[in-house]
Amino acid sequence: MDIDRHSVALFHYTLCNTQGEELETSRGGEPTAYLHGAGNIIPGLERAMAGRAAGDTFSVTVEAADAYGERNPQRVQRVPIKHLLFKGKLRPGQVVQLNTSEGRRAVTVIKAGRHSADIDTNHPLAGQALQFDIEIVEVRAASAEEIAHGHAHGAGGHRH
Ligand code: ZN
C-alpha cells in the first residue's frame, strides 16, 4: 500500500544540512513511525512521503519554511540556569533542554553566566534548509485509535 491519509509509515532517515553535515540519523536504531496527514513530521517531508511505498528510498531538500520555520531573532531571552537541563559545563552553541510550563524544549545557549544564561528559543534547526535521505520500511493502515489520537502507536511511535 502507498502512503496516504490514515496510513502509518515506518521509515529510516538521515538528516543533513545543506553543507552535507549529518545532523541526525535513525539508522542503526529503530525506524521512526508517523501517522500521515496528522502533522507528525515537518510539512515538507510529509508532502514528499505521500504516495511512497515500503522499500522506496529517496532524497528530498526541504526549505526552512517547510521545515522548522524561519529563525526569529527576537526569541532570545535570559533565564535562570536552574531552568536548564544539561550535563557538565554550559557552553555557547550548546543545545540544552529548558523546563517550561508546557514541558521541556530544546534551546541553544548563546552566553552562559554564573546564575543566568542567554538562550535562543528558536528550534535549533530553524532557518535551515534540510536534506533528508529516506528509506520507507513499512506502510500499514492506521488503527481507529491512532487516528483518534493523531499519532502512530507501537514500534517507533507513541507508547502509552
Ligand atoms: Zn496515542
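Does at least one position in region 131-140 carry a residue that is over 22 Å from Ala65 (Cα atoms) and within 16 Å of the ligand (Cβ to nearest atom)?
Yes - at least one qualifying residue is present in region 131-140.
Confirm whether Gly156 is within 16 Å of the ligand (Cβ to nearest atom) and crowded, with 18+ Cβ neighbours inside 10 Å.
So Gly156 fits the description; yes.
Mind listing whichever residues of region 107-120 are part of a loop (DSSP other than H, G, I, E, B) and over 11 Å from Arg78 (Cβ atoms)?
Arg114
Can you list residue pairs whose Cβ atoms sit under 7 Å apart, with the first residue in region 111-123 being under 14 Å from Phe86 (Cα atoms) and the second being open to solvent by 40 Å² or more (accessible area, probe 1.4 Å) and among the polar types (S, T, N, Q)? Count only pairs 6 or more apart in sequence or on different chains.
Every condition considered, the pairs that remain are Ile119/Gln77.
Consider Gly93 carefully, then state whether it is out of contact with any helix residue (DSSP H, G or I) (no Cβ under 9 Å at 6 or more places or on another chain), over 21 Å from Asn72 (Cα atoms) and assigned to a loop (DSSP other than H, G, I, E, B).
no
The values are calculated or read from the model by the stated rules, or taken from the named source; none is laboratory data. Predicted model, so just to flag it, every value in this text is computed and none were measured. Don't worry about glycine lacking a Cβ; one is built from the backbone with ideal geometry, like all the others, and counts go over all protein chains shown. Heads up: the accessible areas ignore ligands, DNA and RNA and are worked out on the full protein's heavy atoms, side chains in. Shrake-Rupley method; radii C 1.70, N 1.55, O 1.52, S 1.80 Å.
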